[in-house]
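I have placed the structure first, in the form of structure tokens, so that the comments after it can refer back to it.
The values are calculated or read from the model by the stated rules, or taken from the named source; none is laboratory data. Note that the structure is predicted; figures quoted are calculated from it, not measured. Cβ placement follows ideal geometry from the backbone for every residue including glycine, while neighbour counts extend to all protein chains displayed.
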Amino acid sequence: MRRVDYSVVESEFGAWETALGQPDPRLAPVIEVYHGYSESGTGLQRRLEVPFPRAALILGFGEEIAVSSSGYCEDLEPGYGGFLAGLTSVPALVESNGAQAGVQVDLTPLGAFHLFGVSMGDITNRVVRLRDLMGVAGDELIQRLRDAPNWETRFELLDRLFLRSLATNRPPSEAIAWAWNQIRLHGGEVAIGELADEIGWSHKHLIARFRAEVGVAPRMAGRIIRFDRAVKRVAAGPPREMSAIALECGYYDQAHMVREFRSFARCTPREFRARQMPEGGTRG
């Protein structure tokens, strides 16, 4: 029996119901979690989504949203339901009317490469509509998710779909999978030269293959992983000294962490903490 964890959050901004479910164990190397959501907000909302070390597949079956992959309001493009977002080095901006429903599938970057057979470098800092990714089958998937009676049924439907994709699509190379795991396991603190030497490739070849299968160069992947650790600590309460968080996350000092927050989130760590939304993300 699949375990699904439910939660409901209510605030001045609206109400959010979430359902978290683990994928079939055979999908664990490529999918981290299924995140079902149903939101009933109050009016127009904008939310800034900062970079994190995963690809996000959004399967929306509620109101469509507007997305800006640059993070700027003037680049907002409406009409997004289902889409795949690759790794990013800049924040993305999402705008909705406050009413959303769907499933977010958090994928490892190599998992997205395996499941969809796309060059992850081609979708870095981009979002790809589900129809462009899957054709008519994407529309059919959204309809089936909408018609399903509960979250358990939706997650089981996705399990079957993704297990078929794993069986038929080309997997990532073992060398890139190993390099990604080394960077992840060391919190982003791995010398690229050491990875190249261990694999037996030149630096140039490693970077090119890594970009194609992961989406960014190894050094950028390390920065995103380290930033993600810092985001979780900054967002968690109660407030802590920023200098201590910076050292825990592998930054040289607090100023180094502040520079990374300005680059990835366009704000300081303290500003980021103050802008947290109750269901995650930050107010745009």
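Please verify whether region 137-152 includes one or more residues that are over 24 Å from residue 44 (Cα atoms), buried (at least 21 other Cβ atoms within 10 Å of the Cβ) and not aliphatic (A, V, I, L, M). Yes - at least one qualifying residue is present in region 137-152.
Selection within region 209-231: residues that are among the small types (Gly, Ala, Ser) and outside any loop (DSSP other than H, G, I, E, B). The member of this set that is surrounded by the fewest Cβ atoms within 10 Å (Cβ to Cβ) is 212. Exactly one residue out of 211, 223, 270, 275 is touching a strand residue (DSSP E or B) at 6+ places or on another chain (Cβ under 7 Å) and either outside the structural domain of residue 48 (by TED's automatic domain parsing) or closer than 30 Å to residue 17 by Cβ (or both), and it is 275.
Please verify whether region 13-23 includes one or more residues that are out of contact with any Gly (no Cβ under 8 Å at 6 or more places or on another chain) and either closer than 18 Å to residue 158 by Cα or assigned by TED's automatic domain parsing to the domain that holds residue 215 (or both). Yes, the conditions are met somewhere in region 13-23. Listed here are the helices (runs of 4 or more DSSP H) enclosed by region 67-182 that have at least 1 residues being touching a residue at least 40 places away in the same chain (Cβ under 8 Å), within 15 Å of the chain's Cα centre (by Cα) and more than 19 Å from residue 19 (Cα to Cα): 109-116.
The requirement of being at pLDDT below 95, closer than 24 Å to residue 104 by Cα and in a loop (DSSP other than H, G, I, E, B) is fulfilled somewhere in region 233-252, by at least one residue.
Tallying residues that are in a loop (DSSP other than H, G, I, E, B), closer than 26 Å to residue 143 by Cα and touching a Leu at 6+ places or on another chain (Cβ under 8 Å) within region 40-66 yields 2. For region 5-32, filtering for residues that are under 21 Å from residue 111 (Cβ atoms) and either surrounded by 14 or more Cβ atoms within 10 Å (Cβ to Cβ) or at pLDDT below 90 (or both) leaves 11. Scanning region 21-66 for residues that are free of Cβ contacts under 8 Å to residues at least 60 places away in the same chain and among the charged types (D, E, K, R) yields 54, 63, 64. When region 185-208 is filtered for residues that are within 27 Å of residue 50 (Cβ to Cβ) and either in contact with a strand residue (DSSP E or B) (Cβ under 6 Å, 6 or more places away or on another chain) or assigned to a helix (DSSP H, G or I) (or both), the ones remaining, listed by number, are 185, 192, 195, 206, 207, 208.
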